[in-house]
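The values are calculated or read from the model by the stated rules, or taken from the named source; none is laboratory data. Just so we're clear, the structure is a prediction, and the values are computed from it rather than from any experiment. Because the Cβ atoms are built from the backbone with ideal geometry, glycine has one as well, and the counts that use them run over all protein chains shown.
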Amino acid sequence: MTAIPIRVGIIGCGMVAEEYATTLAASSLVRLTACADADPARADAFGGRHRIPVTDPGSVLDPAIIDLAVILTPPHTHHALLLEAIAAHVPAVWSEKPLALTPGAAAQVVAEAEAAGILLGAAPDTTLGPAFVTAQEAVRSGRIGTVLSATATLLSTGPERGHPSPEPFYAAGAGPLGDMGPYYLAALDELLGPLQVHAAMAHTRAPRTIRSGPAAGKRFTAQAPTHIGALLTTADGVPTTLTASFDAAATRTPRIEIQGTRGALVLPDPNFHTGEVLFAEYGTFVWEPLTPAASAPQVAGRGMGVINLATALMAGTAPACAGARAARVAAISDDILRAAPRPDRGLLTGPRRLTASTTTTTTKESTR
């Protein structure tokens, strides 16, 4: 059994690491014993702010100094760092989203960790927050009756409105589906079960203009779809729609809405751990906030998943935000992109059915 406190090393000392460090510092279960970044100055500044010993990236993945590695580096580096941590036999590894840029690579990470006996966890951990736990209890207790349909909607003006360097959010594999989609898909996966993709449409508004910071006014080209609509179903046949867009001017559409035979549920933004969960009894059209579930945590923030992973490491159990879930989400996202017609193939005249559990699919399509 691993001793308490669990020694945690952070790799990647950027913006999201600040939130992780704050959450982890408040827990008596873990202790931040190392941090590293490709930029030594950034690592020194981060380590100084949070009183964490600084080491170089080549030395941090060492079971002699850490029990749990937290990888918060840019997405394209996750796959290699995860495999490196597994090969080094760090007992537990946590990754920010995504595990890898392709479903095949994500599945490889899961398989390698399982073969090596390494506990693997991955973002998002917002499904551990009080808002999601309250919604989950309402669904599972039958508060809304039998689920009939679900809708997930991300309508945003795009990160260029407030981010000084938004280009990476529009790189191939990113866009609204790759960047924010995992929060919505992970929530649907846990609330309603495995999802299957039936059809999708995508559009790319390629010219973008940076709206803030020193590069304001600069134009760049989006490499990923900027608006995606997908039709999915659950294993029980519940129709589910997902819209993910960086092309919206404004919206009042709920982030996630679930309709049942006894009532309806509206969830707050799944990118965050907190927020009101609204319930309307069938036919009343009156929305009222649900009382937080008794099992909902009192403290919430990014890093909750790491604490849960540390608990699993100590107890010898499976983590709540397992790497396998992240791999499923990666496969669903890939299925959605594959289902959307490509510009060189024209528009589909019928649905393209794909299985989210695999990246090898058989399709029937026609062009016009």
LEU120 vs. criteria at pLDDT below 95, closer than 16 Å to PRO319 by Cα and not charged (D, E, K, R): no
Show the residue pairs that are 6+ apart or on different chains and have beta-carbon atoms under 9 Å apart, the first residue being within segment 319-343 and farther than 19 Å from GLY193 by Cβ and in the same structural domain as LEU119 (by TED's automatic domain parsing), the second being of a type in the set (Asp, Glu) and assigned to a loop (DSSP other than H, G, I, E, B). none
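Taking the condition at negative phi, of a type in the set (Val, Ile, Thr), surrounded by fewer than 21 Cβ atoms within 10 Å (Cβ to Cβ) and not in a strand (DSSP E or B), does ILE4 pass?
Details: at negative phi: yes; of a type in the set (Val, Ile, Thr): yes; surrounded by fewer than 21 Cβ atoms within 10 Å (Cβ to Cβ): yes; not in a strand (DSSP E or B): yes.
Yes.
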Consider VAL60 carefully, then state whether it is buried (at least 16 other Cβ atoms within 10 Å of the Cβ), in a strand (DSSP E or B) and touching a strand residue (DSSP E or B) at 6+ places or on another chain (Cβ under 6 Å). no
In the list SER141, SER95, SER149, which residue meets the criterion of being closer than 13 Å to LEU83 by Cβ and among the hydroxyl-bearing types (Ser, Thr, Tyr)? SER95
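What residue, among those in segment 22-49 that are outside any helix (DSSP H, G or I) and β-branched (Val, Ile, Thr), is nearest to the chain's Cα centre (by Cα)? Break it down into steps so the answer makes sense when it comes.
Taking segment 22-49 and keeping what is outside any helix (DSSP H, G or I), we get 26-39.
Okay, now just the ones that are also β-branched (Val, Ile, Thr), so 30, 33.
Details: VAL30: 23, THR33: 26 Å.
The selected residue is VAL30.
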Pick out the one residue from ALA174, ALA235 that is out of contact with any helix residue (DSSP H, G or I) (no Cβ under 6 Å at 6 or more places or on another chain), in contact (Cβ under 8 Å) with a residue 24 or more places away in the chain and surrounded by 15 or more Cβ atoms within 10 Å (Cβ to Cβ). ALA174
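Please determine, by comparing only the residues of segment 327-353 that are of a type in the set (A, V, I, L, M, F, W, C) and part of a loop (DSSP other than H, G, I, E, B), which one is modelled with the highest pLDDT.
Within segment 327-353, the match that is modelled with the highest pLDDT is ALA340.
If you scan segment 96-139, which residues turn out to be assigned to a loop (DSSP other than H, G, I, E, B) and over 21 Å from ILE307 (Cα atoms)?
Looking only at segment 96-139, we keep the residues that are assigned to a loop (DSSP other than H, G, I, E, B), and these are 96-102, 117-118, 123-125, 129.
Within segment 96-139, ALA100, LEU101, THR102 qualify.
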Given (1) within 22 Å of ALA315 (Cβ to Cβ); (2) touching a residue at least 12 places away in the same chain (Cβ under 8 Å); (3) among the charged types (D, E, K, R), identify the lone condition not met by GLU137. (1)
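Could you please let me know if THR251 is assigned to a strand (DSSP E or B) and either over 18 Å from ARG328 (Cα atoms) or among the aromatic types (Phe, Trp, Tyr) (or both)? Spell out how you get there, then give the answer.
Working: assigned to a strand (DSSP E or B): no; either over 18 Å from ARG328 (Cα atoms) or among the aromatic types (Phe, Trp, Tyr) (or both): yes.
When the stated conditions are applied, THR251 does not pass them.
If I go through segment 110-129 residue by residue, how many of them are among the hydrophobic types (A, V, I, L, M, F, W, C) and touching a His at 6+ places or on another chain (Cβ under 8 Å)? Steps first, please.
Going residue by residue through segment 110-129, those that are among the hydrophobic types (A, V, I, L, M, F, W, C) are 110-111, 113, 115-116, 118-120, 122-123, 128.
Still in the list and also touching a His at 6+ places or on another chain (Cβ under 8 Å): 116, 118, 128.
Number of matching residues: 3.
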Is it fair to say GLU365 is farther than 20 Å from PRO5 by Cβ, among the charged types (D, E, K, R) and either at pLDDT 95 or above or touching a Phe, Trp or Tyr at 6+ places or on another chain (Cβ under 8 Å) (or both)? no
Exactly one of ILE52, ILE86 is surrounded by 21 or more Cβ atoms within 10 Å (Cβ to Cβ), not assigned by TED's automatic domain parsing to the domain that holds ALA172 and not in a helix (DSSP H, G or I), and that residue is ILE52
Identity of the residue in segment 302-326, in a loop (DSSP other than H, G, I, E, B) and touching an Asp or Glu at 6+ places or on another chain (Cβ under 6 Å), that ends up farthest from ALA107 (Cα to Cα): ARG302
Considering segment 148-179 alone, what residues qualify as being modelled with pLDDT under 95 and aliphatic (A, V, I, L, M)? ALA171, ALA172, ALA174
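Looking only at segment 305-330, how many residues end up being among the hydrophobic types (A, V, I, L, M, F, W, C) and more than 21 Å from LEU72 (Cα to Cα)?
Filtering segment 305-330 for residues among the hydrophobic types (A, V, I, L, M, F, W, C) gives 306-307, 309-310, 312-315, 318, 320-322, 324, 326-327, 329-330.
Subsequent filtering for residues that are more than 21 Å from LEU72 (Cα to Cα) retains 314-315, 318.
Of the residues in that region, 3 qualify.
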Name the single residue that is nearest to the chain's Cα centre (by Cα) among those in segment 1-21 being at pLDDT below 95 and hydrophobic (A, V, I, L, M, F, W, C). VAL16
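Take ALA224 and tell me if it is in contact with a Phe, Trp or Tyr (Cβ under 7 Å, 6 or more places away or on another chain) and either more than 17 Å from THR153 (Cα to Cα) or buried (at least 19 other Cβ atoms within 10 Å of the Cβ) (or both). First the steps, then the outcome.
Working: in contact with a Phe, Trp or Tyr (Cβ under 7 Å, 6 or more places away or on another chain): yes; either more than 17 Å from THR153 (Cα to Cα) or buried (at least 19 other Cβ atoms within 10 Å of the Cβ) (or both): yes.
When the stated conditions are applied, ALA224 passes them.
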Failed item in (1) over 21 Å from the mean Cα position of the chain (by Cα); (2) within 27 Å of ALA310 (Cβ to Cβ), with THR209 passing the rest: (2)
